[in-house]
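K.L.:
Quick one: structure below, then a few questions.
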Amino acid sequence: MSQSGVSLEQIFETHIQTLALTLRPGAVSGYCGAARRFLSFLHTAFPRVRRLSQLRRDPHLLGWLRSLCEAQPPLSNKTRGTYLLCLRRLLDDLTVNGHSIRPDLIRRQDFPPQPQYLPRPLSPSDDQRLQQELRRTDDLSANALLLTRASGIRIGECIDLALDCLRQLGPDQWALHVPVGKLHTERLVPADDDIRQLVARILTLRALSPPSILVNSEALLLPRRSGHAFYWTLARALAKAAKLAACSCTVTPHQLRHSYASEMVRLGVSLPALMQLLGHKDIRMTLRYVLVTQQDLQREFHTARHNATQSHTLPTISLPNLSATADICGIRQALAATRHVLEMYRRQLSDEKTRRKLQRLDSRLLAVDSQLDLFASAEK
């Protein structure tokens, strides 16, 4: 027991109950698991530690890290990183709440490297055949999967779409309203004619469903006794369609989102815009979704080089008739015309460094003109 008569288990449990007021059940479960695993280790390896103020990085936290690495069956780097992240959050919160805890118990270098997963979009041929098979099937699950592929939303977000998810923002401007989801944000995803037709088809199929299975009258997708159960209904429907379409790999619902992201990049959508479409908070997460092939690199490179040669049009200089005015006055007129056209060109540029260089060149031309003016004065 601690000095106040409250055990470590009670301290952690009380704070986790507070977090549960704002966090999703899955996140709360993660904090409970991390706290339970850490406290179980302490009671076994260091039974005399009964107060938060007794915690030391060495041996308590380092010993726990070692136990995670030696766990059987082995824990993945992602799981160990999640445990560390949850425990660090709990310790930081308890410190803010007035508990005496030594700082720097868990450091950045303690986190194991996370696996770098490659994007998993479908190949263009698999993608096309799969969509054709889903359109041929044309039931509620198939159209829900097509809507996921066409909009790039998460499968869970698709399950949570409301009956009135399609919103008109203006003339010929529609959007799919995606409710608060995984990252606690909501967004509007632009909807083209294909998405609008899919929503209309889902509404038609929904209306044909027997009244006995209309569990949620406010949801777009029915039947739906639970989101988790309906996810597996969609996953099985996708696996069946992929098999019938002779896809070259096993297809999961999340791959539809990867395929959407890669397609958007190939169509010219910028990464910041794609980040908004996917509902990401960090551009690094968006980059994990995008597969850039060598063909894409070649196309982008040659397009950029072509644009570089076509980005600015050099104005032509209208010079005076030098054969008739081959004197200082004529030279000064030519310099004035050159400086004028140079300035017009400089104003077209967006690169500030190049603009400054041209401004220095203009200063040199002005100095030449001043010297010519001195020659003209000496001749008078």
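K.L.:
Length gain on complete extension for the stretch residue 139 to residue 250, per 0.36 nm per residue less the alpha carbon to alpha carbon distance? Could the numbers behind the result be given before it?
P.N.:
Details: separation 111, 0.36 × 111 = 39.96 nm, distance 2.12 nm.
Length difference between fully extended and current span is 37.8 nm.
K.L.:
Something else: At 0.36 nm per residue, minus the direct Cα-Cα distance, what do residue 329 and residue 207 gain on full extension? Give it in nm, one decimal, please.
P.N.:
Working: separation 122, 0.36 × 122 = 43.92 nm, distance 8.72 nm.
The span from residue 329 to residue 207 would gain 35.2 nm if fully extended.
K.L.:
Connecting C-alpha atoms closer than 10 Å in a GNM of the chain, tell me which of 244, 271, 335 has the biggest fluctuation.
P.N.:
Residue with maximal mean-square fluctuation among 244, 271, 335: 335.
K.L.:
Report, as a whole number in µm² per second, the diffusion coefficient that Stokes-Einstein gives for region 328-379 at 25 °C and 0.890 mPa s using the Kirkwood radius over alpha carbon pairs. Write out the running numbers ahead of the final one.
P.N.:
On the way: Rh = 11.8 Å.
Answer, rounded: 208 µm²/s.
K.L.:
Under 19 Å from a label point 7 Å along Cα→Cβ of residue 128: give me every residue in region 229-249 with its amide N that close.
P.N.:
242-249
K.L.:
Measure off 7 Å from each Cα along the Cα-to-Cβ vector at residue 100 and residue 13, then give the distance between these two points in nanometres to one decimal.
P.N.:
2.5 nm
K.L.:
Quick one: which residues, 5 or more positions from residue 166 or on another chain, have an amide H under 5 Å from its amide H? H modelled 1.01 Å from N in the peptide plane, none for Pro or chain starts.
P.N.:
So residue 166 has HN proximity to 177.
K.L.:
Moving on. What residues qualify as long-range amide H neighbours of residue 187, i.e. H under 5 Å apart, gap of 5 or more or another chain, H built at 1.01 Å from N?
P.N.:
Here the answer is 178, since their amide H atoms fall under 5 Å of that of residue 187.
K.L.:
Which FRET efficiency value, to the nearest 0.05, is calculated for residue 287 and residue 368 with the Förster distance at 45 angstrom and r the Cβ-Cβ distance?
P.N.:
Numbers: r = 51 Å, r/R0 = 1.14.
Efficiency at R0 = 45 Å is approximately 0.30.
K.L.:
Something else now. Please report the spacing between the Cα centers of region 128-205 and region 263-283 in Å, no decimals.
P.N.:
Between the Cα centre of region 128-205 and that of region 263-283, the gap is 17 Å.
K.L.:
For region 8-110, just list the percent of Cα-Cα distances falling in each 5 Å bin from zero outward, please.
P.N.:
All Cα pairs, binned at 5 Å, distribute as 2, 12, 24, 27, 21, 12, 3, 0 percent.
K.L.:
Here's something else I'd like to know. Once phi is turned into ³J(HN,Hα) by the Karplus curve 6.51 cos²θ - 1.76 cosθ + 1.60 with θ = phi - 60°, what whole-Hz value does each residue of region 55-65 show in order, with x for glycine and proline?
P.N.:
After applying 6.51 cos²θ - 1.76 cosθ + 1.60, I find 5, 10, 4, 10, x, 5, 6, 5, x, 5, 4 Hz.
K.L.:
OK, next. What is the gain in length, in nm to one decimal, between residue 77 and residue 340 on full extension, counting 0.36 nm per residue of separation less the C-alpha to C-alpha distance?
P.N.:
On the way: separation 263, 0.36 × 263 = 94.68 nm, distance 6.41 nm.
Taking residue 77 through residue 340 to full extension adds about 88.3 nm, to one decimal.
K.L.:
Additional query: How would you rank 352-362, 74-84, 137-147, highest first, on the average number of other Cβ atoms within 10 Å across their residues? Each step should come with its number before you reach the end.
P.N.:
On the way: 352-362: 11.6, 74-84: 15.6, 137-147: 20.9.
Sorting 352-362, 74-84, 137-147 by mean packing, highest first, produces 137-147, 74-84, 352-362.
K.L.:
When the gyration tensor of region 124-294 is built from Cα positions, what are the square roots of 5 times its three eigenvalues, in whole Å, from largest to smallest? Walk me through the numbers on the way to the answer.
P.N.:
Working: eigenvalues 119, 83, 45 Å².
Each semi-axis is √(5λ); the values are 24, 20, 15 Å.
Since every read-out is calculated from the coordinates, none of them should be taken as a lab result. If you're wondering where the values come from, they're calculated on a predicted model, not measured in any experiment. Cβ coordinates were reconstructed from backbone atoms using ideal geometry, including for glycine residues, and neighbour counts include every protein chain displayed.
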